[in-house]
Every structure is written in C-alpha cells, then in structure tokens.
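The values are calculated or read from the model by the stated rules, or taken from the named source; none is laboratory data. Quantities reported herein were computed from a predicted structural model and do not represent experimental measurements. Cβ placement follows ideal geometry from the backbone for every residue including glycine, while neighbour counts extend to all protein chains displayed. Heads up: the accessible areas ignore ligands, DNA and RNA and are worked out on the full protein's heavy atoms, side chains in. Shrake-Rupley method; radii C 1.70, N 1.55, O 1.52, S 1.80 Å.
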Amino acid sequence: MTADIRASNGVVHLIDRFLLPLQSNLTIAQYLKAPDIPGYSFASIEKASIIDTGLRLATNSTDQRFTVFAPNDSFINVMPDYGQDVLFNDTALLKSVFWAHILEGETVFLSRLGELPARPAKAGVIKFHRDGADVYVTNNRVRARVIRANLPVSNGVIHVIDNLLFFVYRNMLQTLQTLDNIVFMAGNIGVLEKELSERLGDPVRKMTLFLPTDDAFAKLPQDKQLQMDGNGTHISRLYRDHMVMYGERDVDSFQDGETFSTADGQILTIRRIHKDIYVEGGGVRAKITIGDIGCTNGVVHLVNSVLFQRDFTIWDAVQGNSQLREMRDFISLSAELMRTLGDTGSGPLTALLVSDAAVHRLPQDTRLYLQHNANILLEAVHGSIAHGVILSSTQIPQEQEVTTLSGRTITLYNTEHGVYAVGSRIRANVVIEDIWCSNGVLHVTDNLLHVPTRNILNEIQAQPGLSVMGGVLQAYPTIMTALENTDRMWTMFVPGDEAFTDMPTHRALALSDRPWYLAQLLNNTLIPGANSYLEEYGDYTRFTSAIGSPLFVVKEQDRVYANVNNVRGTVTRANIRCTNGLIHVVDTFLGFPFYTVAEVFERTHELKPFYDLISGIDDFYTWSDAPNTNLTLLVPSAAFMASLSDFHRTFIESEPGMDRKIFNCHAIPSVSLSQLYLNQVFHTSRVFLTENRYNITFTLIDVHSSDHKATTSVDIGFTNLRHTFDLVSDGIGCSNGVIYVIDGFLNFPLHDTLYEIKNQPDISLGVDQLLKLVPGSSSVDLSSRNTMFTVFAPTDGSLAPPHLSRKDIEYLNTNLTDDERSAIVQRHIVRGQQIDYDSIIDGSYNKYARDRNISIISRTDGFYLKWEDVEAKIVRPNILATNGIIHVVDRFMLATPIHETTLAPRTTTQRQHVSGARTVHHVTVIVTSYSVTVTGLVLMKLFKCFYIVR
C-alpha cells in the first residue's frame, strides 16, 4: 500500500494484511476436520483425503505450504446418486478430484482487484474469473464460486467454494436444469423434439452449445418471446441454431474467424475481440459471458444475445421491451420519430435510449420540466440516434464521434469497463448493449444525452467512480440541500473514488475524527455562481469557494489541475453537466494532503536530487516524518541540481557539514507557510520574517507580478541568492508542512567573487574602475579559490557627479602611486575575510574598518561606511560568492584634488614623511572650499598650508 518509508535504520513497507496466520493456528488438515466458522463443514473432502495418505500427512505438517479450494459439504451433499456412484467407485478419479483442489508448494491469496493468473493444481489447472465482486474458479470445465476467500492457516490458506471441481458427472440435459439465468431455455426443454432431447442426454456424442441467457431473451420484443415460449418448433429451432453437433470446444481453443455449422446447417463464426470471445450468427454477434461449463457429452457456453433473431425493427424492440416503456410512450407522441425507428429502407440506425429505471430516478422537478417541455426531450432523443451506421459494442473503437438526427454530435467510448456515450457534455452509460434489429442496433442507457437531468447531488450519486463521495455527503445535510437546490448554480471539484482508495489509513482516521474539518474541505471544493466549462478557464484562474478560500485552476501542457492550499489534484473528468451547475472530478481530496514531507520527498521526482543530498541528516527525519510537526522546506529544483558542476558537487560532498548547512538554510521548522497562510500574512504586510532554530532569518516578499500570480521571493539575506516561487504551482502541501520548489540554493553560491561583481546589475562600470586601481604587484585575485574576500563594490552611479567627474576619474587612473592605489583598494576589498552585513551592523567589522580609517554609521535610511568626510551607503548587501561576499555601495571611499581630496598632486619625487623610525602612510588633508576660479598655484599653496601629518 505504501512503499519505501525510510527510517534511520532501514526501510518499512506497509501492506494490506498480515502475512502470518491470525485466524487459525491449525494446519490445513486440522482445519478441514474442525473449522472454526459456524455453518462450514468439509467432511467430504477431509474423508476423501484418505485416498492419498502421503498428501494428507503433508497438509498436517508445517514443512510445506498449500492452497486448498475446499467445497463446503452443503454444496456437495446434493450430488445425485448417479454422480456419487461414479466418483466413489473409481479410486483413480477420486484421487484426481482430491488433487484438483490443491495447489502444492505455494500460498495464493485472492486479491480484491486485478487479474488472477491460472495456476497448476496437483491435477488439472485452476483458472480464475471475476464476475462483479465474485471470484469463480474452474478446473476441468467445472466452475465454482468462491464463497469465502483467504482463510489463513499455519501451513497455507483455504478458500471455500460452492461446487466440487474437476468431476463432470452431468450430461448436457441435466446441466441445463441446474444453471442460473437460463430459465427460458431450461423451462422449454419439455417441448423439445424427441430427437433433440435425446441428443442433449446422449452419453456418447460430444456437442458444443452456445446457450442464450435470460438477459439475451430480454432483448427480444415481448411478443416474440411469447411466440417462442412453449412452442416446440420454435424452441427446437433455437437449440439447433446454437448447437454444434460434431465436437466439444472450449474457449481457449477458438480461433478468430473460425466457422462452425449448426445442427440445422446455419454458419457460426468466432470473433476474438480484445479479451472477449464472440460468436456470430444471422447478423447477431453474441459475447460468451460464461464459458466452459463441462458436461459428460460436451460443453456449454452462455451468450448474451440470441443468434439469428433480428427480424424486428428498433421501434418494434422499443415497443416490446419492458425496460423502455417511458421511451415508448414518449416516442408514440411523434409520428415522425416512430416512422424513423420503424423504417427498414432508409439505412441503418444506432439508437441510444434511456431505460425506465433511469427515468424513474430523475428528480421530480426534472421530470415535470421535461413533461412541460416535450420539445426539449424530443430534441434530446433525436440527438441520441445516429443514421447510416451500425455501432455495436464490438464495432465501436476506443473513441468515435458520430452525427445524430438532430445535427448534434455524440461521442461513443469503448473501455474495459463498458461502453458509454457523451452528448453535449452529458454522459450516458450503456447498461444493455447490442439489441440487434433489422434496421440497426439499439443500446439502453442510464441517462438522457444533451440535456442535464440531475442536480449535482444526484449526479454524484449516479456517476461511476464517485460512490464514496456520494456516501460521504450523506453525513452533511446542509451541503446536500445546497447541492440539490436548482435555484443557484455551482461548480464542484469532486474527489473520485481513487482519491479515497489512495488515502492512507491514518489520514482517513484524521478526517473521521474531525467531521467539521471534512465539512470545511467539502466547502473548499464548492464554487458558488461559477458555471463555465473547464476549457474556458485561463491558466491560473482563481475562484472563491463557498467559505471564502481560494481555489486555483492551473493548466500545464495537456493537463488541468485544481489547487486548494498547495494540494493539487488532476482533473480526470471535466464538465459533467447538472441542472444546477457543473462537476469536475479530481484524483485527490483538495486541500487535504495525504503524505508527510518525508513521504512526498520519496514520491516526487522533482525533489529527489535534493532529497539525496539531505537524506542522511537526523533533523530531516525528526521534522519531516513526524505527523504532529509543521515544516516548511524550500527545495532546489531537479533541473537546478542537475546543472551543478563537478566542482560544486565535490565541494558539497567533501566539505564537512555542508549538507547539514544547506538543509538548515532551506528548512523552517514549527511553521507551515502554506499558500493560504502566506496570503493572509501578505494581506497586511508585504514582508514576512521568521527564524529557524539556527537563527537564520528567512525573508519572504510578496511580488506583485503583472500576470496576477501568487509570486513570492525568498532569501536568507544573500541578495544574489533570492529566488522566486509561485505559492500555487510551485507548492506541494504535506500533512505536516509544505514544500516549495525554487531554482537554486539560498546559501550556496555557484560563482567566485570576480564573476559575481562583473555580472551584478548596475555595478559593472564601478567595478571596472575599482579593478583598474589594483596594482599589478597586488595579490588581490578575486577568482582565487584559496582566499576569501569582502568587496565593497561601487555602483555605476558613483562614477558620475556629484560623486566623481571625468577629470576625477582621469586623475585616479593616471596620477596615483601604487601605495595610493593600494590604500583605495584596501578600503574596498578586504582580503582573507568574509564579512557579512550582520557583522557590519553589529560591530564585528569594526576591527578591520579602523585599520582603514573607516567607521560605521547608522541612519534611518540604512548603514553607511564613513571614510574621512566620504559616506558610502550600503545599497545592496550580501552578494555571496564561493570565495567571498560583496556589498554594493553608492560611491567610492576616496577623494581627488579636483574634487575634495587628501591625495597630493603628482610631483617628480615621491614624498615620504617619517616620524621617528616609522613611515607614515596615513595622511589627512583639510581642504577649504574655494571658488572654482582659484588658480592652480593658489591651490597648491593651500595644500602646503593645510598638510597635516597624522
């Protein structure tokens, strides 16, 4: 049921039953002798086991495993004397019959769904067949129904059946008198011609009989049935038309296109279509519904149509069918429609008409509406009849569109679950297929095409695959009343049965324990006032539910999804029209996540690369798999993870604790930042801050995008590692949190400092000027992987007035010594340190700042670096690189002689001032502001006067 649940010391898989026996500790032999279920006894087969003492001993030991199909005594004791005499007087036969019920060496449980492959018994082969909820087993053409499956015992399993397998003791005549659903044919055995009756009981001659069931005869008009009933001539002809006299053939031996001659010389043709086998005769194709019913003188196959019987029109079939009386009465009001359905000369027809049972299930208001608007009903019936084509259940491909008498089209679908039609977005299932008529074929359906006839509640109760939701709604009368009300239009996104089948047990219990929460979830899927077809919605259409919560419709390629609070469901069926709105079927319960964060990781391909990176971290399991915690995870996408270079992968894998560091910077425990929660937060504030246990601050900002999507950006303080994600399409709701997919790491850069400063916006010119000042002898290599750097990168605007003029820049590039260049570079590039913005704010940077005559100033609009009289504002902090960090400032921390400066003008001799034995590298020049008309000479004198050695 649930696979690959990872734990710190292994893996757990959840299964739907115990593998060890819980019902009985007895062996098979002991259980058959003394079963613990009231009303069951297996004395017959237990006594028969004496025929093979070795096998009897083996079934009483736990050294081997067995599967036993045990007939209950109540079904065997009715065997007539002529059967018992044969069986108990033939030791070899008795041993074979005993063996035919036993699979040796294996334990075979019968699953509730899916195919069951045939398995060899100790005698013969056990074959399985499903008919609705029942499972049948066959061995040597003897069929038995499993009345109690999967009784585990200490050395295997027992399945209780209602017949004795393998032993065929009835002839065909005796068999007909015991079969179900052939009352018409069996009841008329007494009027058969003597010769034919003798053939059916002949102990020697082998025959094959394709026997129509009562359902097959129900397709014929009642007057035709009455003509046949009790008429020896007609009944004898029916038998001969369905009988092959010269051999017995089981279904596995039939070849497609193979022909047979019947007892009266008619030709039958075998058709193999998909997994089914049909027999054709006289223009009628009948499906073998139950095959290989063994008789001592042949084999019987039950079929669902009467061969060679189609000498009546579609109108005759309607008039004579007890399940189409409502349609008969309505069509009788239209002479034109009666002529059309009764005409044999204008080409074939395919008609789909509604059964009486379906009409009687219609709400009273719908029936009254149709009675008072007969033209609407007439138009719908015309729209259910295709002219010029015969489309039986075997002639319909997987999907075929045809035009009807009304000009409207209908689409017919042929699936493994049956045939259905869709007309004007109304679905009708074929409940009786292939009533063969002289002018076409008639199908009986469970709904009227083109016209909605059921409200949303009735439609949920009637639609296949919505039965669970139909039952759930019974507990909420208020919601039921709303869904029945035709005065208001609704659109409802209804979870299909598979949503409940896929729901883990613990989540189902969480719903059952909180009925108010389930009511809230139901209301979340109910949209008032909306009544548009799904294809009319644009991508990212937002609706407001009955209780005010948002529901989004998202389109990706050829799929449509509905999303409620990060739980996304695929629309599996759309546009089911109702009298008060539309139903769209989804494959999950919207707004109710099934799986924990850990389970979602294991199930989602998009998350797997990041999961592989962090799966060994203890905290991940502590938070992600605990049902009562809340966790928000920001997960780099699979595409991003695939783009990592070998260098990055090696660094992450080899650096101690790097996987934990990355996880800590992408996980917000103790809070689920779901789409609904963040929408509420952003309603009052564009920024939401939270801190995890590692004192990491996450900043989430509501991005007001032009396409009206719920775009949000997130970072942990690194401005170049800020990533956007969509609260709806990028979110995955979990039972204990939420996951958002982003396009990168929040704390792990991919590029070095040199790359980052050259590729950041609005600083390329400032960075180029800064790098020009780096002396050639300097050890500043911003691309080095072995050295950390902190760079204060000036913006492009720092090279323009009022900060620097063109002459200032020319002076910087031509008149400075290497020492002067180095001093400027050291103020902007700190080698050997990675100083983040928090360290600047909290004073940790002061040690390095004082060495450069820099102080930190806090103002209401931000933080500044002050050098001399120059204040450079940090306008974009924390651009993280693999070997450092960058902070963008709005100006250079320097001055020039043209602007305010402390740099001496270039002379032929480099000045060096000495105080004692120490070379003074730091000077301060106080410049008094003068008019721009001051001559260069005067300016030079001023420099001399105010030159102060510090």
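With Kirkwood's inverse mean 1/r over C-alpha pairs for Rh, give me the Rg to Rh ratio of region 358-399, two decimals please.
Numbers: Rg = 14.6 Å, Rh = 12.7 Å.
Across region 358-399, the Cα-based Rg/Rh ratio is 1.15.
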If the cut-off is 19 Å between C-alpha atoms, which lysines fall inside it for K608, apart from same-chain ones fewer than 8 positions away? K661
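Compute the orientation-averaged projected area for region 64-213 from the convex hull of its Cα atoms and round it to one decimal in nm². Don't skip to the answer; put the middle values down first.
Working: hull surface 41.6 nm².
Average projection, Cα convex hull of region 64-213: 10.4 nm².
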Filtered hits (aspartates and glutamates, Cα-Cα < 14 Å from K206, offset >= 8 within chain) -> E198, E248, D250, D292
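Mind checking the alpha-carbon convex hull of region 266-320 and giving the volume per residue in Å³? Write out the running numbers ahead of the final one.
Details: hull volume 6.4 nm³, N = 55.
Normalising the Cα hull of region 266-320 by residue number yields 116 Å³.
Sorting check: for 730-737, 47-54, which peptide has the highest mean count of neighbouring beta carbons within 10 Å, and how do the rest follow? Spell out each step's value before the answer.
Working: 730-737: 23.9, 47-54: 13.9.
Per-residue mean Cβ counts within 10 Å order the peptides as 730-737, 47-54.
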Sites D743 and S839 - FRET efficiency at Förster radius 22 Å, r taken between beta-carbons, to 0.05: 0.20
Alpha-carbon centroid distance for the pair region 381-426 / region 759-820, whole angstrom: 76 Å
Once both label points are put 7 Å beyond Cα along the C-beta direction, the K661-T62 separation in nm becomes 5.7 nm
P(r) over all Cα-Cα pairs of region 723-846, 5 Å bins from 0 to the longest distance, whole percent per bin, short to long, reads 2, 9, 14, 17, 16, 13, 9, 7, 5, 3, 3, 1, 1, 0
Given C-alpha coordinates of region 194-278, what is the ratio Rg to Rh with the Kirkwood estimate of Rh? 0.99
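Please give the peptides 129-142, 585-598, 305-318 ranked by average Cβ packing (other Cβ atoms within 10 Å per residue), highest first, as a rough proxy for protection. It would help to have the intermediate numbers written out before the result.
Details: 129-142: 16.4, 585-598: 24.1, 305-318: 22.6.
In decreasing order of mean packing, 129-142, 585-598, 305-318 become 585-598, 305-318, 129-142.
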Compare the peptides 363-369, 488-494, 517-523, 213-219 by average per-residue count of other Cβ atoms within 10 angstrom and give them in order, highest first. 488-494, 213-219, 517-523, 363-369
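How far, in nm, would the chain grow between D513 and D646 when pulled straight, counting 0.36 nm per residue and subtracting the alpha carbon separation?
Values: separation 133, 0.36 × 133 = 47.88 nm, distance 5.06 nm.
Length gained between D513 and D646: 42.8 nm.
Quote to one decimal, in nm, the extra length available between V389 and R145 on full extension: 0.36 nm per residue of separation minus the C-alpha distance between them.
Extending this stretch completely gives an extra 83.8 nm.
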Relative contact order of region 307-441, pairs being alpha-carbon contacts under 8 Å that are 6 or more residues apart, as %: 28 percent
Could you work out the pair-distance distribution P(r) of region 290-354 from its alpha-carbon pairs, with 10 angstrom bin width and percents rounded to whole numbers? 17, 38, 20, 15, 9, 1
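Taking the solvent-accessible surface of protein heavy atoms with a 1.4 Å probe, what is the per residue accessible area of region 335-382 in Å²? Could the numbers behind the result be given before it?
Numbers: 2360 Å² over 48 residues.
The answer is 49 Å² per residue.
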Taking 0.36 nm per residue of separation and subtracting the Cα-Cα distance, what length does fully extending H683 through R408 add? 94.1 nm
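Whenever you get a sec, compute what percent of the accessible area on region 417-523 sits on carbon and sulfur atoms (1.4 Å probe). Before the final figure, lay out each step's value.
Numbers: 2180 of 3990 Å².
Heavy-atom surface of region 417-523 belonging to carbon and sulfur, 1.4 Å probe: 54 percent.
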Keeping the other protein chains in place, figure out the carbon and sulfur percent of the accessible area of region 555-623, with a 1.4 Å probe. 43 percent
Name the lysines eligible as straight-distance cross-link partners of K772: C-alpha to C-alpha under 23 Å, and not fewer than 8 places from it in the same chain. K758, K807, K866, K873
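Looking at the calculated P(r) for the chain, what percent of the C-alpha pair distances fall above 53 Å?
45 percent
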Relative contact order of the chain, defined on C-alpha pairs under 8 angstrom at six or more residues apart (%): 5 percent
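Could you please tell me the mean projected area of the C-alpha convex hull for region 675-788, averaged over all directions and given in square nanometres to one decimal? Could you put the intermediate results ahead of the total?
Values: hull surface 40.6 nm².
That works out to 10.2 nm², a quarter of the Cα hull's surface.
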Keeping every protein chain in place, order D202, D241 by accessible area at 1.4 Å, biggest value first, i.e. largest first. D202, D241
The Rg/Rh figure for region 257-393, Cα atoms and Kirkwood Rh, to two decimals is 1.07
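If you take every DSSP beta bridge whose two residues both sit in the chain, what share of them, in percent to the nearest 5, is antiparallel?
The antiparallel fraction comes to roughly 80 percent.
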